[in-house]
Structures are given as structure tokens and as C-alpha cells.
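The values are calculated or read from the model by the stated rules, or taken from the named source; none is laboratory data. What you see is a predicted model, and the numbers here were worked out from it, not measured in a lab. We place every Cβ from the backbone using ideal geometry, glycine too, and count neighbours over all the protein chains shown.
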């Protein structure tokens with residue numbers, strides 16, 4: 001029996017009948033802001049209303065005075081604090097998303113209040129009992145927000161500071177995974193300040209390859225490069241989102257992902273195979289169901305399915321993840337399964353990969369969200 005089953009169905013945080021106060025943190029300042037808004041809204045809508053009192057908090061408000069914010073985001077942060085935001089101006093990338101997804105984004109903007117109010121202490125009591133982090137990318141998925149919640153003493157869904165920081169940084173994650181004898185792609189690292197002709201020559205030897213910002217998600221800033229002439233433009237694109245990037249030799253094989261669920265006793269969910277109609281599983285393919293087939297459970301032999309599930313659990317543990325994660329892999333012919341990324345805050349819309357895998361395991365979306373909150377309170 002999974003450890004979270006010891007919490008009685010319908011149990012309350014303080015056993016007085018009061019609903020547990022959940023603050024869903026969403027939005028934020030990363031390039032995945034709009035995806036986070038949609039994820040957070042979907043989380044809030046599907047948390048069981050008899051157990052939870054839910055409020056949406058946009059974490060962008062916490063960064064209103066941060067000099068690293070772009071002028072546009074700083075303006076949004078100030079408007080958010082003044083409760084004068086009612087619509088999100090979408091980027092060109094997000095304007096291409098399905099209409100329903102874009103509506104979820106705008107609904108979230110209209111419903112969210114500044115996260116500065118989530119951390120207030122009134123009469124010696126916190127405004128929320130637990131935080132459900134629906135953020136993606138820097139300032140949400142990278143350990144920074146987790147550290148603030150630790151200081152405030154607010155339990156939260158997902159991995160802690162160390163695991164979040166490691167998994168968000170592809171360079172550091174690969175080092176940790178390799179140290180545990182977990183297969184990772186061949187790669188080189190390029191720092192903006194060290195980019196020279198020799199570095200470009202080393203990178204060209206890896207082609208075809210994927211150029212990725214080291215600390216970014218949702219394939220933002222990522223390119224597949226097959227020709228040397230396309231290398232510099234791809235590097236320039238990745239540098240728009242990070243000062244450090246990774247050049248990964250392309251792996252030939254089947255793309256899969258495995259969800260992992262639990263704290264001390266963890267289990268792997270059914271394997272999902274990703275078959276995209278584009279060049280690779282890019283931003284649009286991730287969020288437009290018309291562009292990708294997500295097969296769950298994947299058509300694998302029981303032996304291979306067990307192998308990749310065990311590898312996902314090993315990767316989860318190697319980075320010291322908690323509650324849940326999603327481990328992306330390529331099943332190659334020559335090396336077998338290779339881990340390409342560990343996601344500590346996987347997408348949580350109903351159509352996202354992790355909820356699909358949970359559904360295949362007999363766990364509804366509502367039940368999954370409930371379990372994740374109980375895991376957070378257990379920690």
C-alpha cells in the first residue's frame with residue numbers, strides 16, 4: 001500500500017472540519033509564465049472542493065522590485081500588486097496555442113491575486129496551510145521559491161531546494177546522474193563568456209545535436225542543429241534565455257517519459273511514449289494535442305517497461321526528489337534507455353503527461369492533486 005493511503009479519505013488539516021487552505025502559486029517571471037498560468041488554473045479547478053479552500057497567487061508580485069525583471073514584467077508586477085491586472089498580453093509563441101489553452105491563461109490572470117498576500121501573517125497565523133507550486137522555469141522550479149517557503153515554514157508540493165536547483169540546471173543534473181551511473185547524453189557546455197572558435201569547432205563535432213539553455217524548460221530556446229551553418233544562430237537563440245547552454249549529441253530512438261510518485265515509498269507510473277509530427281518535441285508540440293501523439297501505456301515489453309521505470313526511480317533518487325517527478329528518456333538501440341531530463345514540477349493540466357500516466361494507473365486527476373497535497377503535508 002502506498003504510504004499516502006494512511007491519511008483517511010476526507011481528513012482535514014486540523015481535524016476540526018475546517019477545509020485546508022491551499023495557495024496555488026502560478027504565473028511568475030519565467031519564459032514559461034503563460035504555461036504556468038494555465039497549469040495553476042487547472043490545478044485550482046480540480047482540487048476537491050469539500051477538502052480544500054483554494055486561492056490563486058501570482059508569484060510575479062514577489063519580484064516587483066527585482067532589478068532582473070524586464071520592464072514589461074516589472075510593469076505587470078506593479079499592476080498585480082495594485083490589483084489592476086485583468087488580461088495577459090500573450091507572446092507570439094503563446095498566441096499559437098490552442099484557443100482553450102489561451103482562455104485558461106486569461107481566466108487565471110483574472111482570478112489570481114498577488115503572492116505577497118499569500119505570505120502575510122495575520123494574528124500570528126499564515127494565510128495558507130500549504131502551497132501547491134504550479135510554476136515552471138526559473139524563479140519557481142529552480143529552488144528559489146522553495147527556499148522562501150522553507151523560511152516561512154509553509155509546506156509545499158514538490159521537491160526541496162537542492163533537488164529543484166539541480167534538476168533545473170541540465171549541466172549539474174547530468175553530472176549528478178552520471179555519478180550514479182545513470183546514462184545521460186554526450187554533451188559539452190558553452191558559457192557565453194568562453195565562446196570562441198575552438199568551442200564552436202568542438203560543438204560542430206557533435207552535430208546533429210540539440211542546443212539547449214541549461215536552465216530553461218518547455219524546450220524554450222532549444223534548437224535541433226544538423227548543419228554547421230545553423231550552429232551559431234542556434235547558440236544565439238539559446239543565449240537569449242541563459243548565459244550557459246548545453247550541446248547534446250542527438251540520440252536516435254524512441255522518446256518516452258516516466259512519472260514517479262511518492263516520498264519515502266515511491267512508485268513509477270505507466271510509461272508514456274511521445275511521437276511528435278514535428279522535428280522534435282518543441283514548445284508548440286508540448287501544448288497542442290494536434291501536433292503530438294502521447295501513447296500511454298507505451299507499447300513496450302514488460303521487461304523494457306520495468307527497466308525504464310526502475311531507471312526513472314534511480315534518477316528521482318539521485319537528485320533527491322520528493323513527492324513527484326517526471327523523467328524524460330530516449331530508448332536507443334546502442335545504449336539502451338538514456339535520461340535526458342528530470343522535471344521536478346511537471347505540467348499539471350489534465351492533458352499533461354504526468355496526469356495521463358496517473359490516469360493509466362487508475363488515479364484520477366482530482367485524486368492525484370489530493371495525493372500531492374497530502375504528500376506535502378506529510379513531509
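Only residues in segment 11-34 that are closer than 23 Å to residue 63 by Cα and in the same structural domain as residue 134 (by TED's automatic domain parsing) count as the first member; pair them with residues that are modelled with pLDDT of 95 or more and part of a loop (DSSP other than H, G, I, E, B), Cβ under 6 angstrom, at least 6 apart or cross-chain, and list the lot.
If the second residue must be modelled with pLDDT of 95 or more and part of a loop (DSSP other than H, G, I, E, B), no pairs are left.
Mind checking which residues of segment 240-250 are at pLDDT 90 or above and surrounded by 18 or more Cβ atoms within 10 Å (Cβ to Cβ)?
Those that are at pLDDT 90 or above and surrounded by 18 or more Cβ atoms within 10 Å (Cβ to Cβ): 244, 245, 246, 247, 248.
Can you list residue pairs whose Cβ atoms sit under 9 Å apart, with the first residue in segment 190-217 being surrounded by fewer than 16 Cβ atoms within 10 Å (Cβ to Cβ) and the second being part of a loop (DSSP other than H, G, I, E, B)? Count only pairs 6 or more apart in sequence or on different chains.
Close Cβ pairs satisfying both conditions: 191/243; 192/242; 192/243; 193/243; 208/226; 208/227; 208/250.
Of everything in segment 314-358 that's in contact with a strand residue (DSSP E or B) (Cβ under 6 Å, 6 or more places away or on another chain) and farther than 29 Å from residue 38 by Cβ, which residue is surrounded by the fewest Cβ atoms within 10 Å (Cβ to Cβ)?
Ranking the qualifying residues of segment 314-358, first place goes to 332.
Among the residues of segment 184-202, is there at least one that is closer than 30 Å to residue 369 by Cα, touching a strand residue (DSSP E or B) at 6+ places or on another chain (Cβ under 8 Å) and in a helix (DSSP H, G or I)? Spell out the reasoning first.
First pass over segment 184-202, keeping only residues closer than 30 Å to residue 369 by Cα: none.
Scanning segment 184-202, I find no residue that is closer than 30 Å to residue 369 by Cα, touching a strand residue (DSSP E or B) at 6+ places or on another chain (Cβ under 8 Å) and in a helix (DSSP H, G or I), so the answer is no.
Name the residues in segment 226-259 that are closer than 30 Å to residue 313 by Cα and in contact with a helix residue (DSSP H, G or I) (Cβ under 7 Å, 6 or more places away or on another chain), would you?
Correct list: 244, 245, 246, 247, 256, 257, 258, 259.
If you take the residues in segment 346-371 that are farther than 17 Å from residue 50 by Cβ and outside any loop (DSSP other than H, G, I, E, B), which one is farthest from the chain's Cα centre (by Cα)?
Step one: filter segment 346-371 for residues farther than 17 Å from residue 50 by Cβ, giving 346-363.
Adding the requirement that they be outside any loop (DSSP other than H, G, I, E, B) leaves 353-360.
Details: 353: 11, 354: 10, 355: 13, 356: 15, 357: 15, 358: 16, 359: 19, 360: 20 Å.
Here the residue is 360.
What's the total number of residues in segment 17-49 that are farther than 17 Å from residue 132 by Cβ and more than 17 Å from the chain's Cα centre (by Cα)?
2
From (1) buried (at least 17 other Cβ atoms within 10 Å of the Cβ); (2) modelled with pLDDT of 95 or more; (3) under 30 Å from residue 335 (Cβ atoms), pick out the condition that doesn't hold for residue 162.
For residue 162, the failing item is (1).
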